[in-house]
Amino acid sequence: MPGPRAAPSWLPSRPCRRRVAAAPPPCAGVLSAARTGSACLDLIGKWKLAYCGVVADDLFKALADPTRRIILDELTEKSGQTLFEICSRLSMKHQLGISRQAVSQHLAVLEAARLVETRREGRYKFHDLNTAPLRHITERWPVADTSGPEESTP
């Protein structure tokens, strides 16, 4: 049997890296980065703040559902809960009759938005609240200081 064949000359010797155009439009790479989870190398300025690290769309999508907000409230009260504990608290305290699988899917959306971090200890998976993405959003839209009386001009 013959040995391994040499690679054709047209094949690169190392894996190709994504090439960035000289001046991409402002939204270039946002959709691809959001879909693939890749690093946002071609975004700068406010776009980088909005879309790198935490994709703003995922964050707002995660916060849009009332059940996910209740899960976040429960993690605020007691951090480091397992799926069983979260399901128990949702059914007992909030009278939500949703399945473990539904809660697990809600937690997956919250993890994708990086609002929930998980850690494994043995066969248990603990869920903790991460408020850093919310701080990034508040830094994106700073509020002007309005402590003084407002003057109206006629």
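The values are calculated or read from the model by the stated rules, or taken from the named source; none is laboratory data. Owing to the predicted nature of the structure, the values given are computational and were not obtained by experimental measurement. Neighbour counts are summed over all protein chains in view; Cβ atoms, including those assigned to glycine, are modelled from backbone coordinates with ideal geometry. Surface accessibility is based on the protein's heavy atoms, side chains included, excluding ligands, DNA and RNA. Shrake-Rupley method; radii C 1.70, N 1.55, O 1.52, S 1.80 Å.
Once backbone amide H atoms are built at 1.01 Å from N, Lys125 has Leu83 as its partners under 5 Å, excluding neighbours fewer than 5 places away on the same chain. Between Lys93 and Ile137, the C-beta separation translates, for a Förster distance of 25 Å, into a calculated FRET efficiency of about 0.35.
Taking the 1.4 Å solvent-accessible surface of segment 55-154 as the whole, the part contributed by carbon and sulfur is 52%.
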